[in-house]
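One structure follows; several queries about it will come next.
The values are calculated or read from the model by the stated rules, or taken from the named source; none is laboratory data. It should be emphasised that the depicted structure is a prediction, and the values quoted were computed from it without experimental measurement. Cβ sites come from the backbone with ideal geometry, for glycine too, and all protein chains shown count toward neighbours.
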Amino acid sequence: MAEITRAATAAALSVALVLPLAGTATATTERTTATTSSATTAVPADILHLPRPTGPLPVGRKTMHLTDRSRTDPWVPTADGRELMVTLHYPAARAGDGRTARYSTVEEARLLVEGQGIDGNVPPEELSATRSHGRVGARPAKGKYPLVVLSPGFSVSRYTLTNLAEDLASRGYVVASLDHAYESYGISVPGGRTLTCVACTALEADETKGAVVTATRADDVSYVLDRLTGDDPVWRHAGIIDRRRVGMAGHSIGGASAATAMAGDRRVDAGINMDGSFWEDLPAEGLGGRPFMMLGTDDEVHRPGGIDTTWDRMWPTLDGWKRWLTVAGAEHFTFSDGPLITQHFGLPQPPLPAQRAVALTRTYVAAFFDEHLKGKPQPVLSGPTAAHPEVKFHHP
């Protein structure tokens, strides 16, 4: 499996690939977890602060636990359905409303650093205390906003995409970041349970099961759309979501899942794959003319004719507006919170500086959704610009 192999060879840089999930089943659970953690663990004075969102709107946050009992979990068939943890970031009505949430629990951070063998370099207490900007319980802003679903890379948590989720919300999107059961080192769910990465063992034994990951995640997305935009939504503020404008972006195998989700669900209007190998081909009808963007590393992997041949194979089957962009100096985790975390903890750095990696990812992801979900043309997507010389446009 290309992604697992690349992650293994870049272990020193891959702390972001496996960032643990904060155990936050509901807003109440978030408050309890944060209080307990701060009461039992000293918060370091020098902690990582995620970059401020660039949009004009303050950001609210709500985390939910959902279970689809109509399906059997492919990794643990005896489980009570398919469990998901979902964090919503959304435009808030007022700055300072509510309270900021912790990045993760200390226990989840401990599982991460032990799993990666970096427990001597990354104190779990400090990682879990990373400061974000979404405020739990903030009252949503009035209006209707497009929905963007985010799916993380394999073995990682939805928290790997926190800085991007917050930025999109500040620009006027409701963002649903998903954690998929048994596909990360450990995610906390209600009842004091921790779901570990059963899928990791399965894929080590059989790499072809990557297609099971993308197909299952596509079903996860459809279920979340049902629960957020259906007639009986699970979130009481779901009325701010414009169900006619839905996008999806993902990192690594989460990006590949965006294409699979679009192929299976017409409600997803636009998609982005951030540096992920595709595991499934599109159907003969392609994506029905819907837009798709591939955003990856400018190296031997994701340039045209690169090691990952799935991008070359997928390109001609994308039948709508499309872009193939690569970023000079980027590495696999550039498109997540990874650069910020490796920089903070003094781990080896990729050529592209952390702040620049964040700025470029935010710029191009937001531009894509602004153009295709809000109908606002974005010149930055038309071709290379002097302001963003790292970004290369390919037309194979």
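Residues in region 67-111 that are within 17 Å of Ala181 (Cα to Cα) and in contact with a Phe, Trp or Tyr (Cβ under 7 Å, 6 or more places away or on another chain): how many?
6
Do we find a residue being surrounded by fewer than 18 Cβ atoms within 10 Å (Cβ to Cβ), at positive phi and at pLDDT 95 or above anywhere in region 349-362?
no
Of the numbered conditions (1) closer than 27 Å to Glu114 by Cβ; (2) touching a helix residue (DSSP H, G or I) at 6+ places or on another chain (Cβ under 9 Å); (3) in a helix (DSSP H, G or I); (4) not aliphatic (A, V, I, L, M), Ser222 satisfies every one except a single condition; which is it?
All conditions are met except number (1).
So that you can scan it fast, the table gives a plain yes or no per residue for (1) under 26 Å from Lys209 (Cα atoms); (2) under 15 Å from the mean Cα position of the chain (by Cα); (3) of a type in the set (Val, Ile, Thr):
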| residue | (1), (2), (3) |
| --- | --- |
| Asp269 | no, no, no |
| Gly276 | yes, yes, no |
| Leu282 | yes, no, no |
| Thr310 | yes, no, yes |
| Phe335 | yes, yes, no |
| Gly338 | yes, yes, no |
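Please verify whether Pro74 is touching a residue at least 24 places away in the same chain (Cβ under 8 Å), over 19 Å from the mean Cα position of the chain (by Cα), in a loop (DSSP other than H, G, I, E, B) and buried (at least 16 other Cβ atoms within 10 Å of the Cβ), treating the condition exactly as stated.
So Pro74 passes the test.
Can you name the residue in region 312-333 that is over 22 Å from the mean Cα position of the chain (by Cα) and in contact (Cβ under 8 Å) with a residue 40 or more places away in the chain and is also nearest to Leu164 (Cα to Cα) among such residues?
Result: Trp321.
Something else: If only one of Gly346, Gly375, Gly383 is in a loop (DSSP other than H, G, I, E, B), modelled with pLDDT of 95 or more and over 21 Å from Asp299 (Cα atoms), which one is it?
Gly375
Among the residues of region 379-392, is there at least one that is basic (Lys, Arg) and buried (at least 16 other Cβ atoms within 10 Å of the Cβ)?
For region 379-392, residues basic (Lys, Arg) and buried (at least 16 other Cβ atoms within 10 Å of the Cβ): absent.
Assuming Trp75 fulfils every condition listed in (1) at pLDDT 95 or above; (2) of a type in the set (Phe, Trp, Tyr); (3) in contact with a strand residue (DSSP E or B) (Cβ under 7 Å, 6 or more places away or on another chain) apart from one, which condition is it?
Every listed condition holds for Trp75 apart from (3).
Same structure again: Please work out if Glu371 is among the acidic types (Asp, Glu), under 24 Å from Ser257 (Cβ atoms), touching a strand residue (DSSP E or B) at 6+ places or on another chain (Cβ under 9 Å) and surrounded by 22 or more Cβ atoms within 10 Å (Cβ to Cβ).
No.
From Arg217, Arg193, grab the single residue that is surrounded by fewer than 18 Cβ atoms within 10 Å (Cβ to Cβ) and either in contact with a helix residue (DSSP H, G or I) (Cβ under 8 Å, 6 or more places away or on another chain) or of a type outside the set (Asp, Glu) (or both).
It is Arg193.
Any chance region 153-172 includes a residue that's more than 29 Å from Phe345 (Cβ to Cβ) and of a type in the set (A, V, I, L, M)?
Checked against the condition, which is being more than 29 Å from Phe345 (Cβ to Cβ) and of a type in the set (A, V, I, L, M), region 153-172 yields no hits at all.
Further question on the same structure: Just to be sure I understand, how many residues within region 349-368 are under 30 Å from Ile47 (Cβ atoms) and in a helix (DSSP H, G or I)?
13
For region 149-169, how many residues meet the condition of being more than 10 Å from the chain's Cα centre (by Cα) and either farther than 20 Å from Arg102 by Cβ or of a type in the set (Lys, Arg) (or both)?
3
Related question: Kindly indicate whether any position in region 315-323 is closer than 20 Å to Gly153 by Cα and buried (at least 20 other Cβ atoms within 10 Å of the Cβ).
Checked region 315-323: no residue is closer than 20 Å to Gly153 by Cα and buried (at least 20 other Cβ atoms within 10 Å of the Cβ).
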